[in-house]
Structure formats: C-alpha cells, structure tokens
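**Student:** Dumping the structure here so I can ask a few things about it.
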Amino acid sequence: MDELLSVEEAASKLKLAPKTLRDWLRTGKLPGLKLGKRWLIREQDLEAAIQAHLHHPGPESPDVPDTRA
C-alpha cells in the first residue's frame, strides 16, 4: 500500500512551501487526494513528479528542485 503524505510532509521533502504544493494540487500539476479540506499525496506520485521534472523540465512540469547532489 502506498504511503500517504500530508502537504507539510511532502513540502518538507521537496524543500518547498506548503502553499506551493497546495497550488500544484489545486491546478492538477501534482495528483493528490482531497479529504474534506485536507490534501494527501501518495509518495509514489510525488516521486513520479520529481522524476518527470528531472527528465523533462518545462512549463507544464512542477518547479521541483533538483535534489541530486
């Protein structure tokens, strides 16, 4: 079963503001589940968004920072 992350947990992993992640969820740039007022993100979807951006950066991709060091 996929692990579900809160917006705050996912934002922390990406070193982004939670507001940025909420904007991505609202606009469909990142898939998520909305339960009431709370968004949840599958860890698998977060990793896929990161990989998609690293391989195909562009205007339709979320501005995910490059975490390769």
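The values are calculated or read from the model by the stated rules, or taken from the named source; none is laboratory data. Keep in mind the model is a prediction, meaning the values are calculated, not measured. We work out accessible area using only protein heavy atoms, side chains counted, and drop any ligands, DNA or RNA first. Shrake-Rupley method; radii C 1.70, N 1.55, O 1.52, S 1.80 Å.
**Student:** Mind grabbing the accessible area of K29 for me, 1.4 Å probe, Å², rounded to tens?
**Tutor:** Accessible area, nearest 10 Å²: 90 Å².
**Student:** Mind listing the long-range amide H neighbours of L5? Cut-off is under 5 Å, sequence gap 5 or more, other chains count too, H placed in the peptide plane at 1.01 Å from N.
**Tutor:** The answer is I41, R42, E43.
**Student:** Got a sec to turn the phi values of the range 16-30 into Karplus ³J(HN,Hα) couplings, 6.51 cos²θ - 1.76 cosθ + 1.60 with θ = phi - 60°, whole Hz, x for Gly and Pro?
**Tutor:** Karplus values, whole Hz, x for Gly and Pro: 10, 6, x, 4, 4, 5, 4, 4, 4, 5, 5, 8, x, 6, 9.
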